[in-house]
1. Scanning segment A:854-869 for residues that are surrounded by fewer than 20 Cβ atoms within 10 Å (Cβ to Cβ) and modelled with pLDDT of 85 or more, which turns out nearest to the other protein chains (Cβ to nearest Cβ)?
2. Do we find a residue being part of a helix (DSSP H, G or I), in contact with a helix residue (DSSP H, G or I) (Cβ under 9 Å, 6 or more places away or on another chain) and closer than 30 Å to A:Ala866 by Cβ anywhere in segment B:179-187?
3. When segment A:813-828 is examined, which residues are found to be without any contact (Cβ under 8 Å) to a residue 40 or more places away in the chain and more than 21 Å from A:Tyr903 (Cα to Cα)?
4. Contact list please: Cβ distance under 7 Å, first residue in segment A:232-245 and more than 11 Å from A:Leu152 (Cα to Cα) and assigned by TED's automatic domain parsing to the domain that holds A:Pro80, second residue exposed (fewer than 15 other Cβ atoms within 10 Å of the Cβ) and of a type in the set (A, V, I, L, M, F, W, C), pairs at least six apart or on different chains.
5. Pairs please, first residue from segment B:264-280 and outside any strand (DSSP E or B), second anywhere and surrounded by 11 or more Cβ atoms within 10 Å (Cβ to Cβ) and modelled with pLDDT under 65, Cβ atoms under 9 Å, 6+ apart in sequence or on different chains.
6. Give the residue, chosen from A:Ala141, A:Ala85, A:Ala71, that is over 17 Å from A:Thr38 (Cβ atoms), more than 14 Å from chain B (Cβ to nearest Cβ) and either touching a strand residue (DSSP E or B) at 6+ places or on another chain (Cβ under 7 Å) or modelled with pLDDT of 95 or more (or both).
7. Quick check, is A:Lys223 of a type in the set (Lys, Arg) and crowded, with 16+ Cβ neighbours inside 10 Å?
8. Scan segment A:324-361 residue by residue and report those that are of a type in the set (A, V, I, L, M, F, W, C), under 23 Å from the mean Cα position of the chain (by Cα) and not in a helix (DSSP H, G or I).
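The values are calculated or read from the model by the stated rules, or taken from the named source; none is laboratory data. Worth saying up front: this structure is predicted, and the values here are computed from it rather than measured. Using ideal geometry, Cβ is built from the backbone for each residue, glycine included, and neighbour counts are taken over all protein chains shown.
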Amino acid sequence: MYAELQASSNFSFLRGASHPQEMAATASGYGYAALAITDRNTLSGIVLAHSHFKKAQSKTRFIVGCRLDLADGPSLLCYPGNREAYGRLTRLLTLGRRRAEKGECILRLSEVEEYSQGQHFICPFPAVLNDAAVQFIKTCANKFHGRFHLALTHTCRGDDHRWIHTVAEFARFSDIPVVATADALYHDPDRKMLQDVVTCIRENCTLAEAGFRLEFNAERHLKPIREIAQLFSAWPQALEATLEIADFCRFSLDELRYEYPEEIAEPGLSPFEDLVKRTWAGAKNRYPQGIPENVKRQLEHEFKLIQEREYAPYFLTVHDVIQFAESKGILCQGRGSAGNSLICYCLGITQADPVERGLLFERFISAARNEPPDIDVDFEHERREEVIQHIYEKYGRERAGIAATVVHYRTRRAVREVSKVLGLPEETAPTLLKSVWGWSNDGIEEQHAREAGLDPSDPRLRLAMDLSKDLIGFPRHLSQHVGGFVIARGRLDEFVPIENATMKNRTVIQWDKDDIDEIGMMKVDILALGMLTAIRKAFDLLKLYYGINHTLADIPSNDPAVYKMLQRADSIGVFQVESRAQQSMLPRLKPQCFYDLVIEVAIVRPGPIQGDMVHPYLRRREGKEAASYPSEALKNILGKTLGVPLFQEQAMQIAITGAGFSPDEADELRRSLATFRHVGTIQKHRERFIHGMLGNGYPLDFAERCFSQIEGFGTYGFPESHAISFANLVYVSAWIKCHYPGVFCAALLNSQPMGFYAPAQLVRDAREHGVEIRPIDVNYSQWDSTLQTTNRRGKYAIRLGMRLVAGLSEKDARTIVNARGSGYHSPGEIVLRSGCSRLALDRLAQADAFSSMRLKRRQALWEAGAVDRDMPPLFRAVQGNLFDEPALDLPAASPSQEVVEDYVATGLTLRKHPLAFLRARLREQRVIPAAMVKEAPNNKIVTIAGLVLFRQQPATAHGTIFLTMEDETGVVNLIVWKNVQLKFRQAVYSAKLLVCRGQIQREGQVLHVVARQLWDSSSQLRDLQAERSGAVLPVRSRDFR
Amino acid sequence: MPRRLLCLYLSDTSAQVKARLLPWCHRYSPLVADDGCGGIVLDITGCAHLFGGEEALLSDIQSRIRRAGHRVRGAIADTLGAAWALARYSRQVIASGSELPQALNPLPVEALRLPEEVTRALRRVGLSTIAAFQKVGRQALVTRFGSGILLRLDQAFGKAEETITPYRRHPPYSARRMLAEPVATTSAVEYILHDLLQEICARLEKEHLGARRLDLDCYRIDGTVAVCTISTSKPVRSVKHLIRLFSEKLDGIDAGFGIETFILSVQNIDRFDPSQLTLPQFDPHSLPDSTVLDELIDRIGVRLGFQHVARMRICESLLPEYSVEFRSVSAGEMPSALWPEYRIRPVYWVDPPVHIEVATIHPGGGPVQFRLRGDTHRVVKAEGPERLTPEWWRLQSLHWESRDYYRIEDDRGCRFWIYREVRLQRSLSRWFLRGHLP
């Protein structure tokens, strides 16, 4: 028998070349007694390996280990013998990580000694036995007497027998036991090539340059026991030692008992009692007319399950965070499956009543699934950091940490790195990647290469494509999860090492969210949502100018005006439904009630689109097709969505009811689709699913459609409760837009950057809704955009804020506003009184913000240029009078020039749209304005032109690109099919001003132009300036996937 | 008589092109300079009539440069600033005295050789031409843009002086001797050369530099020049060594009726830090003085051409076919790799490897005996295997899977380095002799 004690997985970044689970599978296959994964200064890979062994019910035991690279010596392998020793190891790693840069770890031998109780150590096989090495080995042997071995490793370097003998003899004379290890870097010799590649990536060199940095053969793999026995036949004691050590290291990750924090409960009450108390109090608020009977029953039901599972502290923790946010006036709202819980609703975590919506609590916490609940809460994006720091402060950094996100190699990065390492010409990778969008994990297919004009039979290119495919899915580094907090009752750093994130003041643990789930730890997602910021700012404005108090909970519901607005697709700025795809869905779906919004949110997702569920739903909704159900069982699941599965739960339910999956299996299926971790298992699930469906009498095509939809849902689908939470924000933001467009626009402007549209479009939309917009002015503007009274009572205009001015710092703007008093009369006075920087004055002048002083942009720039900040105050005071300059008549700017300058300085203009200046010329080219397109009949061929606002290539659209462009009369959406893209590539991808000849396609109120020919006409923008002023209209489209 | 300056605007402003054009321009004027803003300026005061007037001169110089394959535009004016501006921005390319304001005023502000941020600031307020710009009060300009702006304006209009620093042909590290009596014998030349070398090498030593290429220009009394060039493989400043290198070439100089002026110039120069002298008797490991070898290489190189001199170096590859390479000394220096001591390699390569027949194999992997050219060798001792896999990125080595190298000794005490090659898609492995070990 044999136990392998030294194996590095690919979590030893750019060293190991196999996934931990591959190592685990191979070790099980060879029948090892045990396998230890010893990655460098990290425990990131251990949960994966552990769960693999557990799921496979392998006889091979998993040993937790770690390779400690010391700052004052070589490396040591460390294996905790029990739970306490494991805690010491994680604390040791935390110590080393927390004081080093991100990704680094600084540990000294003396510190290892301090935390060494209960650990076993192995010194890796020495390559030389010089004084330093001998000294180190002997010191360790003394310090860790009785639990220290020296490793012997056979790598076929030629003199192995002689050298192992030398080392073994040295050990015998020094009375140090020896142990055999493979020092494996990969599970199979086939990975040698990939290992060479990652070595080169690490060393930042090409394979040709790498030389002795590469391994000289493929021996660093896990070997069959027979082979190992033969290699070490002369040292049987080294083989026996592997089993002795494995026997000593009995610690298993199953022993980790996660405990929730306790102190949040009110003194004298148990956490559960406190939760009950708080919930009833909350329920009274939620149901002021008295708590209905069914609500009471539901609460009791939830209490029972929570008490059984002892989840009460978790709810209290989340409630505590929410209360903190409320006390600071930070808007927040729970999303995700927490929406299924009535307790969460009563505690104010979520905003939609699950009883009213008929949501099942079991989807949040189920008796079947033994896994902790997961509550995700959105906070205002500008103020989330306050909440995060509150958690750190309250629980301490040794008890709270953010979950890690393992950043994996994706196609782009993998192809780029592999091409570089192989020494391919520099332009090869970009050429190959031309047809690949950002997030692909599929690698490059032969056909892509051929399309890009490369020869896929070229052996080097072949290698690059094959190796990059292998590299995809390899972990690259740890990053922080978007907001998943893990909080423990005791020391979190005795569960898992904690390290620094790139961001200041953030600490992350070494496990990602799947690892946390596996171990059963609690996670609260503290997420950021820009729309919440905007809504809070809108509420503030409503209070200030209209004297109305509103919260997320008390917006008048079911307001027909709001739905009417949305049916018109008048939704710019409204949460979620403002995108192009949503805008074209709104008039078709015609939402009339809140639940329609829920569907609207859920339906425009890759999941339903890929599963081809959208059109059947729309047909049934319009009554063109009767809702039919393959069976009565499925009718219960699909009833409220007219027989078409649109939500994640429905897909899971089909798997359970239709294909006979157990709830656990269904959940596993969802997870396996979501991550890389279970590569290869999808096919297995698919077969199981289709078989199950057929077995239950469903037709094959229905089964296949269902599965393809589940595939989409895995990554992109919304659970119903989540869609409800989002729909709530859709309604709230739409309500504000509908009744207070000015407030809405100002709030959005003050929350930038967020959302789909840039300030220019938001302002334009507000103007179209009759809101007066006033320009930025040093004498009237605040930092934020504000409302100002108009002649008409109760009607306000927006005064744009200085935050729109490019390059102006908030500090400068605020000092200018604070020192304004009754107003400034000259640019010099501003600097004199406020002490703002000269640059700030210049930026404001560039933004044409001096109109109240009767200074045009050029005059203002000229005046601002003369202000000398370094002049002593006394001189500055008299400067205006004594050295009065003769008035200068600067040449006036042309109107088009002014527009360009506006865009340069603020990204928007209140003057004419740039295209208005080109209209005469465009008319000669028979280009018609967007407004006329709206009137043109279906199928008519038209030529249009506009500034490109968005380019979008949804993953679901098979390469079709959607372009949104704008002229002075409106916005037009283009559809560019793949064949047209190929012909007009440059225009599609990079034109700022696009001219398009295409055919009008109408579907109800939705209008698209299907492009046939496209031209990049950006050079015309340059002509907007009557003379060369250096600036070019800075139009930048936002490109989405 | 007013100063007349000709400014050339080159589309290709690379240093190489300039280095070639600058000396060439001497045919038009003794005063040629780099204008500091991407072009070349010639002071042609009093020169134009030699070429048939300014217009003729301008078209001559332009057409010659164009024929050499460069794009160029020239202009002539009283000031450098004006000529520079006209060459780049004006239709009118020759302007003098009173015409200047008229020629310059319509030009854009960029024509004034101002820093980019200043021109941008001027354009932002709408001052885009020199004319617009001149209306502004001088004090107002200074307040906003500093006094540099007025200097450029005045330089263009000839209200402020602008000096040009003429280009010199000989680089700074040069020495010259003008003789009262011309010399013709080699020994005399050598004597003077020695003198010149001492002068230059002293300076090089002081500044921690060394010469890589030297030119000796010998001006004969009939006005012709003989040039003798030497190069070295490393920076050198030893007079003795340099004299030796020159002496290889001096015989080839034809002194004609005698040489009256010598100019020795360093054309290529490198950093050369002084090195600490070692005391060999105290340091038994010290290598033989490497400069001796370097000097030898230089001497052979000067005779045969450096591209014909190669040195061996160890490469970072364990595969015998790639572990050593010959490298021409002219390709620049690359240190040998540090060979891992325990990798023992033969003293004599068998190249290409010779196939040997092996019938039986020890359990450890080595052969029991093998046949080489009809002789049977019984293996007494063996060590190995040293397993090497192909360097797969070199695509030519992809047809084998791995090689096991063994060191073996036969019953007669001969030692061999042999290997077994496992080929892809062929279960049979074959044995080869790769070298003889000591």
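1. Checked segment A:854-869; the qualifying residue nearest to the other protein chains (Cβ to nearest Cβ) is A:Lys856.
2. So far as segment B:179-187 goes, no, none of its residues is part of a helix (DSSP H, G or I), in contact with a helix residue (DSSP H, G or I) (Cβ under 9 Å, 6 or more places away or on another chain) and closer than 30 Å to A:Ala866 by Cβ.
3. Selection gives A:Arg814, A:Thr815, A:Ile816, A:Val817, A:Asn818, A:Ala819, A:Gly821, A:Ser822, A:His825.
4. A:Leu243/A:Met1
5. Partner pairs satisfying both residue conditions: B:Thr278/B:Ser286; B:Thr278/B:Asp289; B:Leu279/B:Ser286; B:Pro280/B:Ser286; B:Pro280/B:Asp289.
6. One residue alone meets the criteria, A:Ala141.
7. yes
8. A:Ile330, A:Leu331, A:Cys332, A:Ile349
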